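Presented below is the structure to which this report refers.
Read-outs: derived from the displayed coordinates by stated rules, not from any lab. Given the structure is predicted, the values throughout are model-derived calculations rather than measurements. Note that each Cβ is placed from the backbone with ideal geometry, even for glycine, and that neighbours are counted across all protein chains shown.
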Amino acid sequence: MKFAFDNTYARLPDRFYARVSPAKVREPRVVKVNRALAEVLGLDAEQLASAEGAEVLSGNALPEGAAPIALAYAGHQFGSFVNQLGDGRAILLGEVVGKDGKRRDVQLKGAGRTPFSRGGDGRAALGPVLREYVVSEAMAALGVPTTRALAAVTTGEPVFREEVLPGAVLTRVAASHLRVGTFQFFAARGDREALSTLASYALARHYPEAAGSGNDALALLDRVIEAQASLVARWLGVGFVHGVMNTDNTSISGETIDYGPCAFLDEYDPEKKFSSIDRGGRYAFGNQPGIAQWNMLRLAEALLPLLADDKDEAVRLATERVQRFTGLFVEAHERVLRAKLGLAREEDDDLALAADLLDRLASNGVDYTLFFRRLCASAEDTAADAQVAALFAEPGAFRDWAEAWRRRLAREDVARVDDGARARAMRLVNPAFIPRNHRIEALIQAAVRGDFEPFETFVRVLERPYEDQPELAHLSEPPQLDERVQHTFCGT
Ligand code: AMP
Ligand code: MG
């Protein structure tokens, strides 16, 4: 099997990773191959789906040119620093430059123990693998930067969690697996040389246009802050709760990474959290911008020795840069909200209009995704208002706001956008389909019983989240009371 590997990370110094081969599994079977992504990577999807493919995607056989490594990193988990985490159940096979010219990591998640496994078994269960497959691919189709899923295979071996579950391996594809925690790993060891190597590597790999300023660390910090501010604004736009925004799960490339306990909002609630281990709600929906900024402060801290020779100057630069996050996020969030509301022009009061709406959604228990999708119809026909108002516990709460919205829309007319065009533009940013939690739970349960049809169907629907797919409309619906999923669990 031919992967066009070019493994730059494995050529960095030894202390950046551990060389380790995937452990063999008994009976690998391909569950899913992502054909479109395989194509971009220059891989033969048919071959990946074959018995030979199963050997490679499970880690039983190494493709030619692979340089398997587990990456070293540290991280703040729920606010507490752990100076060594690292890939405990993921093995990087190597990097592939795709047909689009982009370099991507190809990693097997659940491929066995590594020197970073501590007490863990290095394995993944089928449920979390399918969850990551579905949600990361949905995020990509929604237009949110994310790691991707190239394939899912079952191993034919059990994994032992609270119950015995089928084992599986996910092939994760990412712009890279560099995290804030990768920098923290070397900062914690006082390894200035490694930090400097890493900063220059990361800048050249992810933000080459920003290289050459003479201060790679500062340039990198700026770019990562911008990427994270924009990313979190997009999360809020689609109602995504990451659930475990530890610094080891914060990507330097600005992709969403780690789909452990993530979930999408059904009814809008800024305090919503799903993760069973997030007792205090640290990573609740509305806390995500603040946490992302906190994570950027941790990155700045790790980079301090590189920012300036003078310590006070380094702290001043770091503080100033991290403070920029707030403005960048607010701007990005405003852009997201304006688009959701069908506003092409900018007015000062737009954020107030959106904030008033979000308050009303929260106090009326309104489904976030359904609301905005139905609002698209209201943008071209006031008769559709009844359908929107029906989502509110108190329908008058919508009607009052809608009057203000329509007065604002009337001022759009100078931009000569007709109502039909506005509604179409709104349908390109307000999805009909999101990977709702109850659907994910149901497809996992079916898959564990051996029925992969619900998984297949959901993946297919979510390839086109912004299109009405009337024959599968039931997959867009919020959960019935008895279908509601209150908690999600880490993918361990
Ligand atoms: P996560 O919660 O997925 O961000 O993982 C946190 C840390 O625990 C990382 O260092 C993982 O590699 C490690 N880890 C999680 N699950 C396992 C497992 N089953 N075996 C070994 N290490 C694991
Ligand atoms: Mg992680």
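The slack in the chain from Leu304 to Glu46, taken as 0.36 nm per residue of separation less the alpha-carbon distance, amounts to 88.0 nm. Each Lys or Arg adds one and each Asp or Glu takes one away; over the other residues whose Cβ falls under 13 Å from the Cβ of Pro166, this sums to +1.
For the pair region 2-67 and region 260-326, the centres of their Cα atoms are 33 angstrom apart.
Within the shell of other residues whose beta carbon sits under 9 angstrom from the beta carbon of Ala284, the net charge comes to 0, with Lys and Arg scored +1 and Asp and Glu -1.
For Lys102, a cut-off of 15 angstrom between C-alpha atoms picks up these aspartates and glutamates, skipping any fewer than 8 places away in its own chain: Asp6, Glu39, Glu209, Glu255. Residues whose amide H lies under 5 Å from that of Asp367, counting only those 5 or more places away or on a different chain, are Tyr268; hydrogens are built 1.01 Å from N in the peptide plane. Shown here for region 336-436: trypsin sites (Lys or Arg not before Pro) in loop regions (DSSP other than H, G, I, E, B) with at most 12 other Cβ atoms within 10 Å, namely Arg411, Arg416. Working ranking of peptides 162-171, 2-11 by packing, defined as the average number of other Cβ atoms within 10 Å per residue, highest first, is 162-171, 2-11. Can you give the net charge of the other residues whose Cβ lies under 12 Å from the Cβ of Leu370, counting K and R as +1 and D and E as -1? Summing Lys/Arg as +1 and Asp/Glu as -1 gives -1. With Cα atoms as the point set, region 144-271 shows a radius of gyration and Dmax of 17.5, 54 Å. At 25 °C and 0.890 mPa s, grab the translational diffusion coefficient of region 181-339 from Stokes-Einstein with a Kirkwood Rh over Cα pairs, rounded to a whole number in µm² per second. For these conditions, the coefficient is 151 µm²/s. For region 183-290, applying the loop criterion from DSSP together with a ceiling of 14 other beta carbons within 10 Å to the GluC sites (Glu not before Pro) yields Glu271.
Inter-label distance, Gln445 to Arg316: 6.1 nm, where each label sits 7 Å from its Cα along the C-beta direction. Each pair of Cα atoms in the chain enters the Kirkwood radius, and Stokes-Einstein at 4 °C and 1.567 mPa s then converts it into a translational diffusion coefficient of 55 µm²/s.
Label region 9-177 by shape, choosing from rounded, prolate and oblate, from the square roots a ≥ b ≥ c of the eigenvalues of the Cα gyration tensor; if a/c is under 1.5 it is rounded, and otherwise prolate applies when a/b is larger than b/c, oblate when it is not. The shape class here is rounded. When the GluC sites (Glu not before Pro) in region 347-433 are filtered for DSSP coil states and for at most 13 other beta-carbon atoms within 10 Å of their beta-carbon, the remaining sites are Glu347.
Short-range pairs are left out: with C-alpha atoms under 8 Å and at least six residues apart, the relative contact order of region 181-339 is 27 percent. Remark on region 274-389: hydrodynamic radius 17.4 angstrom, per the Kirkwood mean of 1/r across alpha carbon pairs. Label-to-label distance for Asp381 and Val485 is 3.4 nm, based on points extended 7 Å past Cα in the beta-carbon direction.
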